[in-house]
Amino acid sequence: QVQLVESGGGLVQAGDSLRLSCAASGRTASTYAMGWFRQAPGKERQFVAAISLSGNTYYADSVKGRFTISRDNAKNAVYLQMNRLKPDDTGVFYCAARSSYYSRSWDRYDYWGQGTQVTVSS
């Protein structure tokens with residue numbers, strides 16, 4: 001199995017950038033499809049971005065062109081570069097791992113981090 005720890009969240013203004021990191025330990029992250037999900041207060045966890053085992057990337061329409069997911073297998077880490085942040089991006093961001101093909105459904109993922117808060121003020 002794999003343990004995931006997110007970092008990099010914070011309070012920023014609209015238009016700013018943040019880079020989230022997800023450090024994996026245990027089994028190497030390169031053997032998993034990795035995803036980022038966001039959960040706003042009172043709302044369901046929503047797909048943000050994912051990267052497949054082969055390195056293909058996938059994005060929610062709301063973040064396409066602004067966010068970039070990447071992985072560094074040597075560092076056993078996954079990143080989410082978030083540019084031109086909007087207040088609607090506010091929420092707890094979770095890193096997740098799936099030992100299969102990528103999915104946009106949060107309940108298809110096997111392992112989760114504890115989350116990191118991102119707050120975007122207008």
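The values are calculated or read from the model by the stated rules, or taken from the named source; none is laboratory data. Since the structure is predicted, the reported quantities are computational estimates derived from the model, not experimental observations. For neighbour counting, all protein chains shown are included, and Cβ atoms are generated from backbone atoms with ideal geometry for every residue, glycine included. The area values use the complete protein model at the heavy-atom level, side chains included, leaving out ligands, DNA and RNA. Shrake-Rupley method; radii C 1.70, N 1.55, O 1.52, S 1.80 Å.
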Item checked: Residue ID - modelled with the lowest pLDDT, chosen from residues in segment 7-54 that are of a type in the set (A, V, I, L, M) and open to solvent by 60 Å² or more (accessible area, probe 1.4 Å) -> L53
Notebook entry, point to check: Applying the selection to segment 45-67, what residues are out of contact with any Phe, Trp or Tyr (no Cβ under 8 Å at 6 or more places or on another chain) and under 16 Å from R104 (Cα atoms)?
Noted result: G55, T57, D61, S62, V63, K64
Check: Being within 18 Å of S7 (Cβ to Cβ) and of a type in the set (S, T, N, Q), is that true of even one residue in segment 89-105?
Finding: yes
Checklist line | Among residues of segment 55-77, those that are modelled with pLDDT of 95 or more, under 17 Å from S7 (Cβ atoms) and open to solvent by less than 20 Å² (accessible area, probe 1.4 Å), counted | finding: 2
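Any idea which residue in segment 87-113 is nearest to V63 (Cα to Cα), counting only those that are surrounded by fewer than 14 Cβ atoms within 10 Å (Cβ to Cβ) and out of contact with any strand residue (DSSP E or B) (no Cβ under 7 Å at 6 or more places or on another chain)?
The extreme case among them is D88.
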Notebook entry, point to check: Between residues in segment 99-119 that are among the acidic types (D, E) and residues that are surrounded by fewer than 16 Cβ atoms within 10 Å (Cβ to Cβ), which pairs lie under 7 Å by C-beta distance while being six or more apart or on different chains?
Noted result: D110/S99
Margin query: I'd like to check which strands (runs of 3 or more DSSP E) are fully inside segment 51-122 and have at least 2 residues that are of a type in the set (G, A, S).
Written below: 91-98
Item checked: Scan of segment 8-50 for residues that are within 18 Å of Q81 (Cβ to Cβ), assigned to a strand (DSSP E or B) and of a type in the set (S, T, Y), ordered by number -> S21
